[in-house]
Amino acid sequence: MHRAVGGALAALLMAAPAAWGQASGAISGRLVDRATHAPVVGAEVFVLGQHRPVMSDSNGAFLYRLASGEYLLQVRQIGYIKAEWTVEVPEGEIVELLLQLEPIAFVLPPAVIEGRPEDLPTWFRGFEDRRVAKRGQFLTRAEIERRDPSVTLGNLLRTLNGLRMYCSRGGCNIRMTRWSNCQPLYYQDGLPVFAGTAEGFVAMDIHGIEVYGLSDVPVEFQRPGLRCGVIAIWTRRGPPPRGKRRYGTATRGTVSNVASRKRTWSPISCRSVR
């Protein structure tokens, strides 16, 4: 039921909030965009009279544990009109809701962007040159946006030919099916990285992805120990400037943070999904 709640009801709910320790029911909801029906990720869900909000996950889902009673539910997210619902929670029951948020329409004037290929960063030109050569499989930023940038890297990769998700007790990672389910080598912004669990990488941070089988790996991604293929990830920030790469500090006779000036680079950010 979607309706305005008067001051008397609001005051009543604030005067008698349900304690978290006494929760016997819950509101289990899913937030979607009214126009596209896509999940609304990272929205704040408030219950009037409670002390803290909860956040919607990558599927737009949330769970709020409460005692029985009537509550005012508020949802806020950038780009959407703030919405309110009154919800009745029976004793010991979970109320399931599908809630639609109205997007805020922004009308921007048309813009014309002009540029020359030589003005692009070196790493971007290299990505585009390899994509035009069509030796591997590529996902551009525009394709990631169309597929939904809120999903994980694993969900993007598992849709490509020759890749599948392999899961065990230690987690999930991408394997190349053509080479006996071999795990590929990963690069991030031109530097080798340890992939870890492929499901942890966040697609919204990625500008482009390159996937190569063993026979198609470009020379810039070849290295000792290459057994099946390479997955190269380019983040939206790109590689750091050469003058700003730091691997530790050194003084006369001492070296801190690293041994023998070994290069290291952090993997792209991960987002936990509850």
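Derivation of every value follows stated rules applied to the coordinates shown; laboratory data play no part. Computed from a prediction, not measured in an experiment: that's the story for all the values here. Every residue, glycine among them, receives a Cβ derived from its backbone with ideal geometry; neighbour counts consider all protein chains shown.
Could you list Leu163, Leu97 so that the one with the fewest beta carbons within 10 Å of its beta carbon is first and the one with the most is last? Show your work: numbers first, answer last.
Details: Leu163 22, Leu97 13.
Least crowded to most crowded, the residues run Leu97, Leu163.
Note down the net charge around Cys182, summing +1 for each Lys or Arg and -1 for each Asp or Glu among other residues with Cβ under 10 Å from its Cβ. Please report the intermediate quantities before stating the final value.
On the way: positive: Arg175, Arg178, Arg227; negative: none.
Charge balance near Cys182 sits at +3.
Quickly work out the Arg146-to-Thr122 label distance, labels modelled 7 Å from Cα along the C-beta direction, and quote it in nm with one decimal.
3.2
What nm value, rounded to one decimal, do you get for the distance between Arg52 and Ser215 when each label is placed 7 Å out toward the C-beta?
According to this spin-label approximation, the distance is 5.6 nm.
I'd like the GluC sites (Glu not before Pro) in region 35-91 restricted to DSSP loop residues with at most 15 other Cβ atoms within 10 Å, sorted by number. The partial results should precede the final answer.
Numbers: sites: Glu44, Glu70, Glu84, Glu88, Glu91; in loops: Glu91.
Those that pass, being in a loop and sparsely packed, are Glu91.
With r defined as the distance between the Cβ atoms of Cys182 and Ser24 and R0 fixed at 35 Å, what FRET efficiency is calculated, to the nearest 0.05? Please report the intermediate quantities before stating the final value.
On the way: r = 51 Å, r/R0 = 1.46.
Once the sixth-power term is evaluated, E becomes 0.10.
With labels modelled as points extended 7 Å from the Cα through the Cβ direction, what inter-label distance (nm, one decimal) is found for Thr235 paired with Gln100?
That separation, rounded to one decimal, is 3.8 nm.
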